[in-house]
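S.K.: Got a structure for you, questions after.
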Amino acid sequence: MTETLFIQHFGKEEARKISYYVEKMEGYTALKKAISLSQDEIIGEVKKANLRGRGGAGFPAGIKWGFIPKQSSKPKYFVCNADESEPGTFKDRDLMRYTPHLVLEGIIIGGYAIGSNTGYIYIRGEYTREAGLLQAAIDEAYEKGYLGKNILGSPFSFDITVHRGAGAYICGEETGLLNSLEGKRGEPRVKPPFPAQAGAFGGPTIVNNVETIASIPFIIRRGGDWFAKLGKLEKSGGTRLFGVSGHVKKPGLYELGSGSVTIRELIYDYCGGILDDRKLKAVIPGGSSAPVLTADEIDVVLDIEPLMKVGSMLGSAGIIVVNETFCVVKLLARMIKFYAHESCGQCTPCREGCQWMENIIERIEHGGGEERDLNLLLDIADNINGKTLCALGDAAAGPVMSFVKKFRSDFEQHIRGKKCPNA
Amino acid sequence: MQKLLSEAFYLEMKKLEPKYPTRLALLLPALHAAQKETSWLSPVILEEIAKYIGIHPAQVREVASFYTMYNLKPVGKYHLKICTNVACILRGAEHLVKYCEKKWNIQCGETTSDKKFTLMEEECLGACGTAPAMMVNDDYYENLSVEQLEALIERL
């Protein structure tokens, strides 16, 4: 059994307090240690930890931090991506409402490591209560001298501001987020330049996910090597918060070493198996953007490379389980409605394509589909995939291609029977 | 032009100003703060915010209309947002929507004639492990059954 970092504190309201954090979680001792180290030493430790981005892309955090130029004529920014809006993902909310100081300490250390004095937490607008809890924690941290001018008597000063989004999935994409932070529509930017060169307000910027940031204090306190060993695969360090939802007996968060379980083990050994003991139909392993897996494909290890090998992805580690009672065509229709709604509209393939895919899948679900619709769907998805500025287009195309390919007979039944067989 | 937003609004903004290197960055916080006071963002409110930030009202509208949380038309006293995205639909969110639509004889996106309830279908709320989930104004309600929804509405 791997040691867990976070989950033992979830559900405890007292864990939010700075007193709990300092007394029970060695709170802010990592910050004390960090400011005695050089920036390169900290970045080196994070690199050793094999900490990969927990928001979905899986990019190594230490390498990302290393991209920030040492000298910059513009201020640098450290931004916490708390926009958590990938369907199936609900881990960052608990990190923020139960262990807010862990997130703050991670941001402050990150800021120090890249030479920044300003941090922002971009939190999705719906998390109003969580934004309030973060603000309360920030106030406590200022009072104790962990934030503000000359932190712990050092020359280092740092401020954190909570910035609320306002309901837009695309603001989880890091450059969409930065535009939104700047008071604009959350439309993703053309890259390059990447945020490390020109991010928030034109300055070099790091954007990291909440869970990535919450891992930082542990890495500084106990060392990158220790953290790396929590993971069971060579490239993936630390633990992961797997969020399981849908048709399992015990949905919720499970914290396990990176790469230490297969999907089957997670569903049957941890989540108590399939709801109502029905047959498993499908698993979406990494938030709704991840290509779907069938019931025969769940012996794969839940981590970045193993899932990539079977044509899916770990994404944000939100695992959505579907049993035989729910129509997969209807499910896909609902998923694609989301992408059509959330497409920012900048890129034609995504803006038009998502809408068309939604219409066609809806039509199939309601019995009005034709045989040629399946190839038409695949054609549209192919014309979106890889042809847009950001990953939203791919995120919509992947599910369509995988659902049609893996559950083709379900779609054909709808088309030939002119109705949903489940209806 | 007479100011419709309160002193408290302008005080809150004053406190936020030093936290951002540009004035435009205050736009989202300003829209949130204004909506908290007025429950929806009428054209005159958008104009007042534009004046405060120092941009054209069209730019405020351009940004405000990008985000679903800014109400550009009036909403009821209780704004129900029921998540029907993948995890919630698997756990029966549709029954919650249907219950409300039938009870109030309105469709999603509409407000009851007494202006008490606005019903919206919501995208993922980030509460998938406790699906189905719903927001009423700023608060989450999770693991929701039709019976619980019924009881909740009675209390409102």
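All of the numbers you see were taken from the coordinates with simple rules; none came from a lab. Being a predicted model, the structure only gives us computed values, none of them experimental. Quick reminder, even Gly has a Cβ in these numbers, built from the backbone with ideal geometry, and neighbours come from all protein chains shown.
S.K.: Restricting to DSSP loop positions (anything but H, G, I, E, B) with no more than 15 other Cβ atoms inside 10 Å of their own Cβ, which trypsin sites (Lys or Arg not before Pro) remain in the range A:35-103?
M.R.: Answer by residue number: A:Lys70.
S.K.: Moving on. Using DSSP to call loops (not H, G, I, E or B), can you name the trypsin sites (Lys or Arg not before Pro) in the range A:159-253 whose Cβ has at most 16 other Cβ atoms within 10 angstrom? Numbers along the way, then the final one.
M.R.: Values: sites: A:Arg164, A:Lys184, A:Arg185, A:Arg189, A:Arg221, A:Arg222, A:Lys229, A:Lys232, A:Lys235, A:Arg240, A:Lys249; in loops: A:Lys184, A:Arg185, A:Arg189, A:Lys232, A:Lys235, A:Lys249.
Hits after loop and neighbour filter: A:Lys232, A:Lys235, A:Lys249.
S.K.: Using the Cα atoms as the points, what is the convex hull volume per residue of the range A:67-176 in Å³?
M.R.: 106 Å³
S.K.: To continue, here is another question. Please give the Cα centre distance for the range B:24-90 versus the range A:267-300, rounded to the nearest Å.
M.R.: Value for the Cα centre distance between the two parts: 38 Å.
S.K.: State, as an integer percentage, the relative contact order of chain A based on alpha-carbon contacts under 8 Å between residues 6 or more apart. Before the final figure, lay out each step's value.
M.R.: Values: 889 pairs, mean separation 67.7, N = 423.
Taking the mean separation of contacting Cα pairs over the length of chain A, I get 16 percent.
S.K.: Any of A:Lys24/A:Lys70; A:Lys12/A:Lys249; A:Lys17/B:Lys3; A:Lys91/A:Lys184; A:Lys64/A:Lys144 with alpha carbons more than 32 Å apart? Name them for me. List each step's numbers first, then the result.
M.R.: Details: A:Lys24/A:Lys70 36 Å; A:Lys12/A:Lys249 23 Å; A:Lys17/B:Lys3 40 Å; A:Lys91/A:Lys184 27 Å; A:Lys64/A:Lys144 30 Å.
Listed pairs above 32 Å: A:Lys24/A:Lys70; A:Lys17/B:Lys3.
S.K.: Turning to a different aspect of this structure: Could you list the GluC sites (Glu not before Pro) in the range B:58-156 that lie in coil according to DSSP, counting only those with at most 14 other Cβ atoms within 10 Å of their Cβ? Mind showing how you got there, number by number?
M.R.: Numbers: sites: B:Glu62, B:Glu94, B:Glu101, B:Glu110, B:Glu121, B:Glu122, B:Glu123, B:Glu142, B:Glu147, B:Glu150, B:Glu154; in loops: B:Glu110, B:Glu123, B:Glu142.
When the GluC sites (Glu not before Pro) of the range B:58-156 are filtered for loop state and at most 14 Cβ neighbours within 10 Å, nothing remains.
S.K.: Take every Cα-Cα pair in the range A:110-151 and report what % of them are more than 15 Å apart.
M.R.: When every Cα pair of the range A:110-151 is considered, 52 percent fall beyond 15 Å.
S.K.: Can you pull the semi-axes for the range B:78-155, root of five times each eigenvalue of the Cα gyration tensor, sorted largest first, whole Å?
M.R.: Values: eigenvalues 71, 28, 27 Å².
Each semi-axis is √(5λ); the values are 19, 12, 12 Å.
S.K.: Based on C-alpha coordinates, I'd like the Rg and Dmax of the protein assembly as shown, in Å.
M.R.: Cα radius of gyration and Dmax of the protein assembly as shown are 23.4, 74 Å respectively.
S.K.: What whole-number volume per residue, in cubic angstrom, does the convex hull of the C-alpha atoms of the range B:7-66 give?
M.R.: 76 Å³
S.K.: Relative contact order for the range B:78-155: what percent, with Cα pairs under 8 Å and sequence separation of 6 or more? All intermediate terms of the calculation are to be shown ahead of the outcome.
M.R.: On the way: 125 pairs, mean separation 29.6, N = 78.
Relative contact order of the range B:78-155: 38 percent.
S.K.: Ok, one more. What aspartates and glutamates does A:Lys309 reach when the alpha-carbon gap must be under 13 Å and sequence neighbours fewer than 8 apart in one chain are set aside?
M.R.: A:Glu297, A:Asp299
S.K.: Right, next: Let me check against my output: what whole-number percent is the relative contact order of the range B:1-120, with C-alpha pairs under 8 Å and at least 6 apart? Before the final figure, lay out each step's value.
M.R.: Working: 123 pairs, mean separation 23.8, N = 120.
Averaging sequence separation for qualifying contacts and normalising by length gives 20 percent for the range B:1-120.
S.K.: So if a site counts as exposed when it's one of the GluC sites (Glu not before Pro), its DSSP state isn't H, G, I, E or B, and it has at most 16 other Cβ atoms within 10 Å, what's the longest stretch of chain A without one?
M.R.: The longest uninterrupted stretch comes out as A:27-233.
S.K.: Moving to a separate point now. Mean residue ellipticity at 222 nm from the helices of chain A, using -39,500 (n - 2.57) per DSSP H segment of n ≥ 4 over the full residue count, to the nearest 500 deg cm²/dmol?
M.R.: Details: 16 runs with 173 residues, N = 423.
That comes out to -12500 deg cm²/dmol.
S.K.: Moving on. If you project the alpha carbons of chain B onto the principal axes, what extent comes out on each, in Å, largest first?
M.R.: 48, 33, 25
S.K.: Treating the Cα atoms of the range A:216-265 as identical point scatterers in vacuum, please give the log10 of the normalised Debye intensity I(q)/I(0) at q = 0.15, 0.28 Å⁻¹, two decimals.
M.R.: -0.47, -1.03
S.K.: Go from 0 up to the bin containing the longest alpha carbon distance in the range A:202-339, width 5 Å each, and give me the % of pairs per bin.
M.R.: 2, 10, 18, 21, 18, 13, 9, 6, 3, 1, 0
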